[in-house]
Every structure is written in structure tokens, then in C-alpha cells.
Amino acid sequence: MKTEGSRMLADTLADEENEWTQTRLAAELDPPVSRQAVSYWADGTSQPEPARMAQLEDLLGIPMRAWTRRRAEKKTGTNG
């Protein structure tokens, strides 16, 4: 499930103006996690545990509550 947290993490990792990569973020967490875990969080496959959410808030400014909000999906179709 895509959440605002996963979107914010994906956006941060995709931003070429900063130095955050999946590998660097994985290593900065305490204890470290795998790069794949970070990838799963960013694509919405899984969510970090609350302790990790707190670390992501401290490191990247992603609020813990963002991980519980579903990402708004674009609606398609016609009215009529």
C-alpha cells in the first residue's frame, strides 16, 4: 500500500540534489537495514517499524504519521 511516507521517501531518494541513496540510508539507520528494505518502504511493498519511522523522521523529516496516510490516487473516468 502506497502511503504518503513511501511517496516522500521515494521522492527524497530520487532527488539528485541530495546525497541520500538507498544504500546510504540503510547504513545510517541504527541498527542498519538492507538496501532492499529501504526499496520496499519507498515503493510501498512494506512499511518500516515504528522505531524506524522515528529514525526516518529525524534523518529525512518524514513525519511518522505520513506512514499511516494512504497516498491519494488519481481518479480516471468521466462524469456523465
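Each Lys and Arg Cβ is given +1 and each Asp and Glu Cβ -1; about its Cα centre, the chain then shows a dipole of about 580 debye. Across P48, P63, P31, mean-square fluctuation computed from a Gaussian network of the chain (C-alpha pairs under 10 Å connected) peaks at P31.
Every number here is computed from the coordinates shown, using simple stated rules; none is lab data. Here the structure is a predicted model, which is why all the values come from computation and not from measurement. Glycine also receives a Cβ, built like all others from the backbone with ideal geometry; neighbour counts cover every protein chain displayed.
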